[in-house]
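Read the structure below first, then the notes.
The values are calculated or read from the model by the stated rules, or taken from the named source; none is laboratory data. These numbers come from a predicted model, not from an experiment. Cβ: placed from backbone, ideal geometry, glycine included. Neighbour counts: every protein chain shown. Ligands, DNA and RNA are stripped out before the accessible areas are found, and what is left, the full protein with its side chains, is counted by its heavy atoms. Shrake-Rupley method; radii C 1.70, N 1.55, O 1.52, S 1.80 Å.
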Amino acid sequence: MRLVLTADTHLPKRARDLPGPLWAAIEDADVVIHAGDWVDEALLDAMTARSRRLIGVYGNNDGPALRARLPEVARVELGGLRVAVVHETGARTGREKRCAERFPDVDLLVFGHSHIPWDTEAPGGLRLLNPGSPTDRRSQPHATYLTTEVRAGRLSKVELHRIPPR
């Protein structure tokens, strides 16, 4: 099962549209996960139309319309992998321990907010992934998103994709 992970798209404030390579990955994926800060409902509608399966949450920059359509936390099982999605996880210091305590029944936590790619493992085996942002790199050298595969209840081939400058 092929997954695309993205977050912090901030459309149309940070870009007019998602980068072409991300749209191609979305259309090719079995599941797309968006960890919040969509900003505009039009992106939710477009991603819903262009993906086979979309799992998303709202972020701190998402208004009432998006909050009415999306949960704060999403939980799903994908091919035996227990996944949670949330926008904010708090300060980077102590994140693994804090998230392992908050999500004890999960194998993978996908989060956003910082625009900084993140790939760590908490005590007990919880994997934490932040795809960065495909439209607003902030202090990062590149805009980014992640792809991965789920096989027999485990992640394989977690890959950070750098988006070429426009």
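Summary table below
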quantity	calculated
Checking Ala25 against (1) of a type in the set (Gly, Ala, Ser); (2) open to solvent by 10 Å² or more (accessible area, probe 1.4 Å); (3) more than 27 Å from Arg151 (Cβ to Cβ), the condition it does not meet	(3)
In the stretch 10-27, the residues that are in contact with a helix residue (DSSP H, G or I) (Cβ under 6 Å, 6 or more places away or on another chain) and either assigned to a loop (DSSP other than H, G, I, E, B) or aromatic (Phe, Trp, Tyr) (or both)	Leu11
Condition check for Leu70: within 17 Å of Thr6 (Cα to Cα) and either touching a Gly at 6+ places or on another chain (Cβ under 8 Å) or surrounded by fewer than 19 Cβ atoms within 10 Å (Cβ to Cβ) (or both)	yes
Residue in the stretch 28-54 that is nearest to Thr148 (Cα to Cα), counting only those that are assigned to a loop (DSSP other than H, G, I, E, B), touching a Lys or Arg at 6+ places or on another chain (Cβ under 9 Å) and open to solvent by 10 Å² or more (accessible area, probe 1.4 Å)	Asp30
Residue pairs meeting the criteria (Cβ under 8 Å; at least 6 apart or on separate chains; first in contact (Cβ under 8 Å) with a residue 60 or more places away in the chain, in the stretch 77-94; second of a type in the set (Ser, Thr, Tyr) and not in a strand (DSSP E or B))	His87/Tyr58
